[in-house]
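Scroll down for the structure; my scribbles are underneath it.
The values are calculated or read from the model by the stated rules, or taken from the named source; none is laboratory data. Just so it is clear, the structure is predicted and the values come from calculations on it, not from any experiment. Cβ coordinates were reconstructed from backbone atoms using ideal geometry, including for glycine residues, and neighbour counts include every protein chain displayed. Side chains are part of the model used for accessible areas, which takes the heavy atoms of the whole protein and leaves out ligands, DNA and RNA. Shrake-Rupley method; radii C 1.70, N 1.55, O 1.52, S 1.80 Å.
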Amino acid sequence: MSGSVDRRAVLTGAAATALVIPVAVVATRNAATLAVASTSGTATASTTQPPGAALGAYLQIDSANNVKLFIGPSEMGQGIMTGLGQLVAEELMLNWSQLSVEHATATAASPNPFANPMFGAQITGGSTSIRGWYIPLRTAAAKARDMLFAAAEAATPGGGWQLASGGKVTNGVTTFNFSDLVAAAAKLTPPSSVTLATTRNVIGKRLHRTDIPAKVDGSAVFGIDVQIPGMVFASVIHCPTSGGIVASMPSSQNGATLINLGDAVGVIATNTWSAMNAAQSLASAIKWTLPTNLASRDSVQILATAQSLLTSTTVTPRIYESVGGIDPAAALGQATTKIDATYNLPYLAHACMEVLNCTAVVTPTSAEIWAPTQGQAMCFPTIMGITGLPASAISVHTTYLGGGLGRKIEQDYISQAVKIAKQIGKPVKLVWSRKQDFQNDKYRPCASIRVQAGADAAGNITALLYRNVSPSINIQRNTTPGNNPEDTGAVAGAVGLPYAIANRRIEFVPNPADIPLGYWRSVGESYNTFAVESAIDELALAMGKDPVALRRSLLTSANPRLLGVLNAVDKLSGWSTTAPPKGSARGVAILSGFGSYIGLVAEISGSATSIRVNKMFCAIDCGVAINPDSIEAQVQGGIAHGLSAALWGQVTFASGIPNVTNFSNYRVLRRAEMPAVSVAIVPSTEAPGGVGETGVPCVAPAVANAFAKLTGVRVRTLPFFPGATMSDG
Amino acid sequence: MMVPVSTTLTLNVNGVNRTATVSDTGMPLLWVLRDILGLTGTKYGCGIEICGACTVLVNGQAEKSCVMDVGSAVGKPIMTVEGLAVDPDGQKAQAAWIANQVPQCGYCQPGMLMVTVGAMKAGHHGASIGSENSNVCVCGTYQRINQAVQGL
Ligand code: FES
Ligand code: FES
């Protein structure tokens, strides 16, 4: 790893004093590289770090007793730097101002101390970062604490060492700063077991986020902001038809160098604007080989296929859950109240505020990238495959992400930057145009879902037959090969429902569409929860029951935490006590997912052609709330994201050509449309649950349920307002 | 094919005169700031004057720099997010953003701040600051932006 380390040390000017010993609980490794872990992802030569000694993989303490925490998860807006920082500050009794938090540079260390404990690989997704690190990071900090105690004892025997606030170790007689002890402590063998702090002076507090000062003065370095001496600027143009590859291309365009990237052409210029313009102007000069089966890339065809698979009796569905002694189809025959509803949801784009980009430096002996990535673990095989270099010659620097939303797990943009850098032999910053970003997304799968459900005369729900027809991410990626590959993600939010429904069968039929798919904030729940929570509402109306009361009756004993949030949001919204304002109506939806429980009530006004979402009431039980302010922010943001999708989000394809080009035809929520969001965090001592995605799935069904109440019209096809546009309002 | 002719321009950015050599005076100010002057706080979001991520002040007025020819900014004071810390209105806005913990990913926030400071300079205060802000924030920080401008 010498090549890349040397280079980075030179570029960052970081002092590489690293006496590093492993105390990582997840894994141990020779962490010599960590002492130069780049902080902000920039390679600008002005970055200087005070010399600091590392204590394990995660902590570095400088001579002024400032503590730096290196983390594996990517900061993409969710506040993970702050959340993980609070865990460490609690354990080590740090002053909040004494702690800074940075992305660790990902290297080939194996095992990797920065691997997500829930995945075993360094990936940020699935709302797993706090869940995964809650115990391991506190354990690592507690080990560091005990080693500091041992170093204090070695220096001044006497026993009775404990922490004092502000990064100190004391026994009442002698007091040390951590910085006095770190060099000696780092030489000790980490203890095999530790006792975690039980104080709650930092965990649970609304501390200010560590990353916000840099996000209000322009100094935060996102991937798109990385600057490397001598770098050139690149952009790309892909085939306008999804799945097309380059057949022939010119060798240059207006002086810009062109590079064949297989499914795209890379354009190198002296600035991003010239590169984007040259890329766009190539549209007619490049000849593309189109994919053969355009029907499987056409929205009309895809939807027609879905509708026939929904009702097909000849196709063999994958059955992901089968509960009860009676075939649900037979139970349906006995039911006195029935619904049979089909819900359709579109492909969605991620539309991260920061377009895809990656900066790469490739030499014959090393490769280094700076990227807004959620998928460091995958960057290594990507880069190895292109460069032929061993993993030990590769470094991956994580910058701030201007939104990730699942899109930045992907490797397409990483791979392009590395290919270009390798071919031209210069540092390169690749930035996609917004149009390329929209048109070459890995889209949230479309889904068509049929729900048949029935209740008996006593009001018990006796049957649920659920069929989801959607393109499968796993099948498309061959991630679970075989004749019957699994895609449990496709039915997430539909299996294991918390409701007491006697006989149910959850079926999945893959739609063989070929539009590229990806993970979109809240994944399977983003469509299944719409179908489930709309259907429960339809059933309540058919049974003449109040939608909250019906849900409550179906939850009683089985799921106290979900019942808890239902009751909390009932109270918060005044559902059972106060009528909504005249001309308004409310709708409810609930979800158990991502390790958390959420209840949402939407209050809307308007008409069948135009609605206003005035208020959103949310109760969330996410276990121990590490930072309630961050949780509220994630719920507010999740609701905004869910509303954009529910009201307007849709990508359609005409023989493989996407209809969206920019925010002009992919409308998203703006300030004036933001509802007033109230959040109640249900107190809990349970292990933390996920928060980043949890706020999204209930939005669409809560609004649709309110809309049905307001207008009498049931919206089963999203978005509410297809074809919406947006201008510079 | 047009032969690019390099032109050297002087831009007054955050109170400092900076020279930038461009091959086309039609190059948007956004890319001159980012790629030539290395001031990367101003962001690219859409390039078609919708999202507002690229907002800067020119002559004290909020402008979308992705569609403003750099040539037309010559001779006029330009303020970017990097200049807020030395501007009284900018300082107030930054403090309000921190007090209300507005940013999530933070990518849209330079634009949000510049639009806000532009409104302050146009004489708006409190809730009236919000009305011209149609900038896009995919993270959905709007509620906190509404709170933050209350005290300005
Ligand atoms: S980048 Fe200028 S308005 Fe979006
Ligand atoms: S804070 Fe992320 S886009 Fe606004």
Checklist outcome for this item: For A:A457, the lone unmet condition from (1) within 14 Å of chain B (Cβ to nearest Cβ); (2) in a loop (DSSP other than H, G, I, E, B); (3) among the hydrophobic types (A, V, I, L, M, F, W, C); (4) more than 25 Å from A:R667 (Cα to Cα) is (1)
Checklist entry - Looking at B:V32, is it open to solvent by less than 50 Å² (accessible area, probe 1.4 Å), within 15 Å of ligand 1 (Cβ to nearest atom) and part of a strand (DSSP E or B)? => result no
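I'd like to know if region A:649-669 contains one or more residues that are away from chain B (no Cβ under 11 Å) and either assigned to a helix (DSSP H, G or I) or under 13 Å from B:Y142 (Cα atoms) (or both). Walk me through it before giving the result.
Residues of region A:649-669 that are away from chain B (no Cβ under 11 Å), as a first pass: A:649-660.
Then keep just the ones that are either assigned to a helix (DSSP H, G or I) or under 13 Å from B:Y142 (Cα atoms) (or both); that gives none.
No, that holds for no residue.
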Item to check | Enumeration of residues in region A:87-122 that are of a type in the set (G, A, S) and closer than 30 Å to A:K168 by Cβ | outcome: A:A89, A:S97, A:S100, A:A104
Checklist entry - Would a scan of region B:20-33 turn up a residue that is closer than 23 Å to A:A214 by Cα, away from ligand 2 (no atom under 16 Å from the Cβ), of a type in the set (S, T, N, Q) and in contact with a Pro (Cβ under 9 Å, 6 or more places away or on another chain)? => result no
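Consider region A:308-336. How many of its residues are of a type outside the set (G, A, S) and open to solvent by less than 70 Å² (accessible area, probe 1.4 Å)? So that I can check it myself, show each step before the final result.
At the first step, the residues of region A:308-336 found to be of a type outside the set (G, A, S) are A:309-311, A:313-321, A:323, A:326-328, A:332, A:334, A:336.
With the extra rule that they be open to solvent by less than 70 Å² (accessible area, probe 1.4 Å), the set shrinks to A:309-310, A:315, A:317-318, A:320-321, A:323, A:328, A:332.
Qualifying residue count, region A:308-336: 10.
Return the residues of region B:48-57 that are within 16 Å of ligand 2 (Cβ to nearest atom) and more than 12 Å from the chain's Cα centre (by Cα); say none if nothing qualifies.
Applying the first criterion (within 16 Å of ligand 2 (Cβ to nearest atom)) to region B:48-57 yields B:50-55.
Selection gives B:I50 alone.
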Checklist entry - Taking region A:557-566 on its own, how many of its residues are touching a residue at least 24 places away in the same chain (Cβ under 8 Å) and open to solvent by 40 Å² or more (accessible area, probe 1.4 Å)? => result 2
Next on the checklist: Against the conditions (1) surrounded by fewer than 23 Cβ atoms within 10 Å (Cβ to Cβ); (2) farther than 24 Å from A:G406 by Cα, where does A:F707 fall short? Just the number, please.
Outcome noted: (1)
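Quick check on region B:10-24: of everything there that is open to solvent by less than 60 Å² (accessible area, probe 1.4 Å) and either more than 10 Å from every other protein chain (Cβ to nearest Cβ) or not hydroxyl-bearing (S, T, Y) (or both), which residue is farthest from B:M68 (Cα to Cα)? Spell out the reasoning first.
Pass one, region B:10-24, residues open to solvent by less than 60 Å² (accessible area, probe 1.4 Å): B:11-14, B:20, B:22-24.
Of the ones still in play, those that are also either more than 10 Å from every other protein chain (Cβ to nearest Cβ) or not hydroxyl-bearing (S, T, Y) (or both) are B:11-14, B:20, B:22, B:24.
Details: B:L11: 13, B:N12: 15, B:V13: 15, B:N14: 17, B:A20: 15, B:V22: 14, B:D24: 13 Å.
Residue satisfying both the conditions and the ranking: B:N14.
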Next on the checklist: Any residue at all in region A:269-290 that's more than 29 Å from B:G106 (Cβ to Cβ) and under 31 Å from the mean Cα position of the chain (by Cα)?
Outcome noted: no
Checklist outcome for this item: Of the residues in region A:493-536, those that are over 17 Å from A:A702 (Cβ atoms), among the polar types (S, T, N, Q) and not in a strand (DSSP E or B) come to A:N511
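Mind listing just one residue for me: the one in region A:463-492 that is part of a loop (DSSP other than H, G, I, E, B) and out of contact with any helix residue (DSSP H, G or I) (no Cβ under 7 Å at 6 or more places or on another chain) and, of those, surrounded by the most Cβ atoms within 10 Å (Cβ to Cβ)? Before the answer, list the steps.
First, pick out the residues of region A:463-492 that are part of a loop (DSSP other than H, G, I, E, B): A:471-472, A:478-487, A:492.
Checking which are out of contact with any helix residue (DSSP H, G or I) (no Cβ under 7 Å at 6 or more places or on another chain) leaves us with A:471, A:478-479, A:481-484.
On the way: A:P471: 25, A:N478: 9, A:T479: 13, A:P481: 9, A:G482: 7, A:N483: 4, A:N484: 8.
If we take residues in region A:463-492 being part of a loop (DSSP other than H, G, I, E, B) and out of contact with any helix residue (DSSP H, G or I) (no Cβ under 7 Å at 6 or more places or on another chain), then A:P471 is surrounded by the most Cβ atoms within 10 Å (Cβ to Cβ).
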Checklist entry - Just checking, how many residues over region A:633-646 are more than 9 Å from chain B (Cβ to nearest Cβ) and open to solvent by 10 Å² or more (accessible area, probe 1.4 Å)? => result 1
Next on the checklist: Restricting to region B:104-146, count the residues that are surrounded by fewer than 19 Cβ atoms within 10 Å (Cβ to Cβ), within 16 Å of ligand 1 (Cβ to nearest atom) and more than 7 Å from chain A (Cβ to nearest Cβ).
Outcome noted: 1
Next on the checklist: I'd like the full set of residues that are away from chain B (no Cβ under 14 Å) and part of a loop (DSSP other than H, G, I, E, B), limited to region A:374-395.
Outcome noted: A:G375, A:G388, A:L389, A:P390
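Restricting attention to region B:58-72, and to residues there that are more than 12 Å from B:G26 (Cβ to Cβ) and not charged (D, E, K, R), which single residue is farthest from ligand 2 (Cβ to nearest atom)? Spell out how you get there, then give the answer.
Restricting attention to region B:58-72, the residues satisfying the condition of being more than 12 Å from B:G26 (Cβ to Cβ) are B:58-66.
Restricting the remaining residues to those that are not charged (D, E, K, R) gives B:58-62, B:65-66.
Details: B:V58: 23, B:N59: 26, B:G60: 24, B:Q61: 22, B:A62: 17, B:S65: 17, B:C66: 16 Å.
Step by step, filter region B:58-72, then rank; the result is B:N59.
Okay, residues lined up against (1) out of contact with any Cys (no Cβ under 7 Å at 6 or more places or on another chain); (2) over 12 Å from A:L261 (Cβ atoms); (3) outside any helix (DSSP H, G or I); (4) more than 16 Å from ligand 2 (Cβ to nearest atom):
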| residue | (1), (2), (3), (4) |
| --- | --- |
| A:H397 | yes, yes, yes, yes |
| A:G404 | no, yes, yes, no |
| A:Y413 | no, no, no, yes |
| A:Q416 | yes, no, no, yes |
| A:K419 | yes, no, no, yes |
| A:Q423 | yes, no, no, yes |
| A:K435 | yes, yes, no, yes |
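Report, by residue number, each residue of region B:86-98 that is in contact (Cβ under 8 Å) with a residue 12 or more places away in the chain, open to solvent by 10 Å² or more (accessible area, probe 1.4 Å) and within 16 Å of ligand 2 (Cβ to nearest atom).
Pass one, region B:86-98, residues in contact (Cβ under 8 Å) with a residue 12 or more places away in the chain: B:86-87, B:89-90, B:92-94, B:96-97.
Filter once more, keeping what is open to solvent by 10 Å² or more (accessible area, probe 1.4 Å): B:86-87, B:89, B:92, B:94, B:96.
Hits for region B:86-98 are B:Q94, B:A96.
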Item to check | Selection count, region B:108-152, where residues are of a type in the set (D, E, K, R) and modelled with pLDDT of 95 or more | outcome: 2
Checklist entry - Any residue at all in region B:59-74 that is away from ligand 1 (no atom under 15 Å from the Cβ), open to solvent by less than 10 Å² (accessible area, probe 1.4 Å) and either closer than 30 Å to B:Q150 by Cα or in contact (Cβ under 8 Å) with a residue 40 or more places away in the chain (or both)? => result no
Next on the checklist: If I filter region A:710-729 down to residues being under 25 Å from B:C51 (Cα atoms) and more than 14 Å from chain B (Cβ to nearest Cβ), which single residue comes out as surrounded by the most Cβ atoms within 10 Å (Cβ to Cβ)?
Outcome noted: A:L718
Checklist entry - Is at least one residue of region A:410-424 out of contact with any His (no Cβ under 8 Å at 6 or more places or on another chain), open to solvent by 10 Å² or more (accessible area, probe 1.4 Å) and over 24 Å from B:Y44 (Cβ atoms)? => result yes
Item to check | Residue among A:L290, A:L332 that is at pLDDT 95 or above and over 27 Å from A:N460 (Cβ atoms) | outcome: A:L290
Item to check | Filter result for the condition that a residue is farther than 27 Å from A:S727 by Cβ, of a type in the set (G, A, S), away from ligand 2 (no atom under 16 Å from the Cβ) and at the interface with another protein chain (Cβ under 8 Å from one of its Cβ atoms), over B:G83, B:G38 | outcome: B:G38
Checklist entry - For region B:41-56, which residues satisfy the criterion of being at the interface with chain A (Cβ under 7 Å from one of its Cβ atoms) and either among the basic types (K, R) or more than 6 Å from ligand 1 (Cβ to nearest atom) (or both)? => result B:G41, B:I48
Checklist outcome for this item: Residue pairs qualifying under the 7 Å Cβ cut-off, at least six apart or on distinct chains, with the first in region A:670-683 being without any contact (Cβ under 8 Å) to a residue 24 or more places away in the chain and on the phi < 0 side of the Ramachandran plot and the second being surrounded by 21 or more Cβ atoms within 10 Å (Cβ to Cβ) and of a type in the set (S, T, N, Q), are A:R671/B:N133
